[in-house]
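Just below is one structure, and these are the notes that go with it.
The values are calculated or read from the model by the stated rules, or taken from the named source; none is laboratory data. Nothing here was measured: the structure is a model prediction, and the numbers come from that model. Because the Cβ atoms are built from the backbone with ideal geometry, glycine has one as well, and the counts that use them run over all protein chains shown. In case anyone asks, the SASA skips ligands and DNA or RNA and just uses the protein heavy atoms, side chains included. Shrake-Rupley method; radii C 1.70, N 1.55, O 1.52, S 1.80 Å.
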Amino acid sequence: MHSDPRPGPPGIIAPHVPADAYHRAARSGTPVVVVVHTTDPTGRPLGHYLYPIALATAGAIGVTATVAALLALLDFAVHTALSIAAATGPLTIGGINLKLHPKKTP
């Protein structure tokens, strides 16, 4: 087998350049121009969509939790008012009797 003492292209900068074309250019002193065809990514990266969706989800969870807390507080207030009304009996304001809670009949 014949071994070539000349080194190949430095590193893996252009594996598609044939070795004889590289060596011919190195002997004559002409520069080796490597053209790399790239395509620009179409569309946006995932982060452009992920952060707004995460922010909207966190906001929706926060609003839902706030509404649930307000409803629980209202429920507690109504139960407290009914317990107080049941303990006090009828309420008289300006000669008008208002029965807040009916008496339990056995």
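Values computed for the structure shown
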| quantity | calculated |
| --- | --- |
| Matching residues, segment 29-47, being assigned to a helix (DSSP H, G or I) and either within 30 Å of Ala19 (Cβ to Cβ) or under 8 Å from the mean Cα position of the chain (by Cα) (or both) | none |
| Near pairs, Cβ below 6 angstrom, 6+ apart or cross-chain, from segment 48-73 (without any contact (Cβ under 8 Å) to a residue 24 or more places away in the chain and part of a helix (DSSP H, G or I)) to any residue that is small (Gly, Ala, Ser) and open to solvent by less than 80 Å² (accessible area, probe 1.4 Å) | none |
| Any hit, segment 75-84, residues being assigned to a loop (DSSP other than H, G, I, E, B), modelled with pLDDT under 95 and either open to solvent by 80 Å² or more (accessible area, probe 1.4 Å) or among the charged types (D, E, K, R) (or both) | no |
| Restricting segment 21-49 to residues that are hydrophobic (A, V, I, L, M, F, W, C) and modelled with pLDDT under 80, the residue that is surrounded by the most Cβ atoms within 10 Å (Cβ to Cβ) | Val32 |
